[in-house]
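Trainee: The structure under discussion is supplied below as structure tokens; questions concerning it will follow.
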Amino acid sequence: MKKLLAAIATTTCLVSPALAEMLDVEKDELKFGFIKLTDMAPLAVAYEKGYFEDEGLFVTLEPQANWKVLLDRVIDGELDGAHMLAGQPLAATIGFGTKAHVVTPFSMDLNGNGITVSNEVWDEMKKNIPVGDDGKPVHPISASALKPVVESYRAEGKPFNMGMVFPVSTHNYELRYWLAAGGLEPGYYSPDDVSGQIGADVLLSVTPPPQMPATLEAGTIYGYCVGEPWNQQAVFKGIGVPVITDYEIWKNNPEKVFGITAEFAEENPNTTLALTKALIRAAMWLDENDNANRPEAVEILARSEYVGADAEVIANSMTGTFEYEKGDKRDVPDFNVFFRYYATYPYYSDAVWYLSQMRRWGQIPVSQSDDWYDEVAKSVYKPEIYLQAAQMLVDEGIADKADFPWDTDGYREPTSDIIDGVEYDGRTPNAYIDSLPIGLKSGQKVVGNKVEG
């Protein structure tokens, strides 16, 4: 197949720039996994628009049952790569849960998540939320509005349960961040208790994304943090209200990554470059011309082989709006970002933030040095591969040089554009962790059901 494509490239003048510069890939037939969420869009677009084929790659996309199955299949080699939670390659590499060296050359998106509560909980929360001149709740909504509700449940002897998608998911850390910023304890992990519920005011547990609305409707959980379209699905079903987006928790926060094993990257360097090129092109298409292609992306994602939700539900967030209460639809043009703001560059500081949250809640049980965070980030995030792929696209006339951060050291500048106003600087993770009012501090660890040190 590779020889045939090479022959075509050399015998016709009507060949695209990407095909003319085709890499000699080591493996041309690939299988990639994903979970049914709108942020898998770069994979679907790269497939549907022919970007994988332009790079000489013949890709099969396969939905996976849950995040654990997806990760295990990448590690076992049943999948060549996958749409992953950003925490998965990091956790696997440091040995939390599964032990394996997984890397990423490509960050898939920014933002894209929300926190939803049941109608009953929302009715109680609203009593604690100011309203604007238009009579609608003022956003962003702090978890301090939820705190009296949680306390009333506790007084009645009822645990307050909420769902997130995986222990090392952005959703777990965002939900914990929001709760803690509002004065609620989301609980700790320890080597002996990986429930994450030690000392918790709110009990968080895992629910697969597509099952979130049904689990909420059944009353098993009172709220959840998940990616789209499963917050908007609650609105359309009339069973819950999204109270905050992750864009409001941390403006332009990192989300999913594309994960491959370190072994795959080492054995297939040209294939890794080729797939990264295709994904960058897909991300560019998704954001170009002020999201002009989003309606077509919605149509693609609505297909059963991808997300399989109603197009109207997907469009509610994918096209630059977000609906909170039914009828309270607001403009959130950056709810899903796939390319602008250097969204696809795998920043070390993004990796360090995830690691800082793992340490904050006890998944990393003891303090580590700032150098340790930097070393782990650099062992997993691979911007050198990304920039090589980007340079090829620039040389081919497909991408603009100005769209990539060539001069960065891999760390974003410090930001306090976060709901609690606490500044995050990826270069000094321990100082950041110690500045957060709730969570483990330097020298502390969880022993039994208590924080010591």
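Trainee: Restricting to strands (runs of 3 or more DSSP E) lying wholly in segment 86-201: which have 1 or more residues that are without any contact (Cβ under 8 Å) to a residue 40 or more places away in the chain?
Mentor: 193-198
Trainee: Output the residues belonging to segment 203-232 that are over 22 Å from residue 335 (Cβ atoms) and touching a Leu at 6+ places or on another chain (Cβ under 8 Å).
Mentor: 204, 222
Trainee: Also: Taking interchain pairs and intrachain pairs at least six residues apart, which have beta carbon atoms under 6 angstrom, with the first residue in segment 397-417 and surrounded by fewer than 16 Cβ atoms within 10 Å (Cβ to Cβ) and the second of a type in the set (D, E, K, R)?
Mentor: 414/423; 414/425; 416/423; 417/251
Trainee: Next question, about the same structure. Can you tell me which condition residue 244 does not meet? The list is (1) assigned to a strand (DSSP E or B); (2) free of Cβ contacts under 8 Å to residues at least 40 places away in the same chain, and all the others hold.
Mentor: The one condition residue 244 does not meet is (2).
Trainee: Could you check, for segment 316-335, whether at least one of its residues is buried (at least 21 other Cβ atoms within 10 Å of the Cβ), at positive phi and more than 16 Å from the chain's Cα centre (by Cα)?
Mentor: Taking every residue of segment 316-335 in turn, none turns out to be buried (at least 21 other Cβ atoms within 10 Å of the Cβ), at positive phi and more than 16 Å from the chain's Cα centre (by Cα).
Trainee: Can you run down the residue pairs with Cβ atoms below 6 Å, 6 or more apart or on separate chains, where the first is in segment 45-60 and at positive phi and the partner is modelled with pLDDT under 95 and in a helix (DSSP H, G or I)?
Mentor: Here the result reads 56/5, each pair linking segment 45-60 to a residue that is modelled with pLDDT under 95 and in a helix (DSSP H, G or I).
Trainee: Still on this structure, I have one more. Can you tell me which residue within segment 13-32, out of those that are over 12 Å from residue 56 (Cβ atoms) and either under 27 Å from the mean Cα position of the chain (by Cα) or modelled with pLDDT of 95 or more (or both), is most open to solvent (accessible area, probe 1.4 Å)?
Mentor: Among those residues, the one meeting the criterion is 31.
Trainee: Report yes if residue 313 is open to solvent by 10 Å² or more (accessible area, probe 1.4 Å), farther than 23 Å from residue 403 by Cβ and β-branched (Val, Ile, Thr), otherwise no.
Mentor: Working: open to solvent by 10 Å² or more (accessible area, probe 1.4 Å): no; farther than 23 Å from residue 403 by Cβ: yes; β-branched (Val, Ile, Thr): yes.
In short, no.
Trainee: Sticking with this one: Collect the residues in segment 74-85 that are in contact (Cβ under 8 Å) with a residue 40 or more places away in the chain and either among the acidic types (Asp, Glu) or farther than 16 Å from residue 257 by Cα (or both), keeping them in residue-number order.
Mentor: If the condition is that a residue be in contact (Cβ under 8 Å) with a residue 40 or more places away in the chain and either among the acidic types (Asp, Glu) or farther than 16 Å from residue 257 by Cα (or both), then 77, 78, 80 are the ones that fit.
Trainee: Now, a different point. Within segment 426-447, which residues are part of a loop (DSSP other than H, G, I, E, B) and in contact (Cβ under 8 Å) with a residue 24 or more places away in the chain?
Mentor: Across segment 426-447, the qualifying residues are 426, 427, 428, 436, 437, 438, 439, 440, 442, 443, 444.
Trainee: In segment 250-266, how many residues are over 19 Å from residue 71 (Cα atoms) and either open to solvent by 10 Å² or more (accessible area, probe 1.4 Å) or free of Cβ contacts under 8 Å to residues at least 12 places away in the same chain (or both)?
Mentor: Summing the residues that are over 19 Å from residue 71 (Cα atoms) and either open to solvent by 10 Å² or more (accessible area, probe 1.4 Å) or free of Cβ contacts under 8 Å to residues at least 12 places away in the same chain (or both) in segment 250-266 gives 3.
Trainee: From the list 206, 241, which residue is in contact with a helix residue (DSSP H, G or I) (Cβ under 6 Å, 6 or more places away or on another chain) and either of a type in the set (Val, Ile, Thr) or open to solvent by less than 30 Å² (accessible area, probe 1.4 Å) (or both)?
Mentor: Exactly one residue qualifies, and that residue is 241.
Trainee: Among 184, 179, which is the only one that is of a type in the set (A, V, I, L, M), surrounded by 24 or more Cβ atoms within 10 Å (Cβ to Cβ) and either at pLDDT 95 or above or at positive phi (or both)?
Mentor: 179
Trainee: Would you confirm whether any residue within segment 223-237 is part of a loop (DSSP other than H, G, I, E, B), in contact (Cβ under 8 Å) with a residue 24 or more places away in the chain and open to solvent by 10 Å² or more (accessible area, probe 1.4 Å)?
Mentor: Within segment 223-237, not a single residue is part of a loop (DSSP other than H, G, I, E, B), in contact (Cβ under 8 Å) with a residue 24 or more places away in the chain and open to solvent by 10 Å² or more (accessible area, probe 1.4 Å).
Trainee: Restricting segment 355-396 to residues that are among the small types (Gly, Ala, Ser) and open to solvent by 10 Å² or more (accessible area, probe 1.4 Å), which is nearest to residue 255 (Cα to Cα)? Steps first, please.
Mentor: Going residue by residue through segment 355-396, those that are among the small types (Gly, Ala, Ser) are 356, 362, 367, 369, 377, 379, 389-390.
Add one more test, that the residue is open to solvent by 10 Å² or more (accessible area, probe 1.4 Å), and what stays is 367, 369, 379.
On the way: 367: 25, 369: 25, 379: 19 Å.
The selected residue is 379.
The values are calculated or read from the model by the stated rules, or taken from the named source; none is laboratory data. Just so we're clear, the structure is a prediction, and the values are computed from it rather than from any experiment. With ideal geometry, Cβ positions are generated from the backbone for all residues, glycine too; neighbour counts draw on all protein chains shown. Heads up: the accessible areas ignore ligands, DNA and RNA and are worked out on the full protein's heavy atoms, side chains in. Shrake-Rupley method; radii C 1.70, N 1.55, O 1.52, S 1.80 Å.
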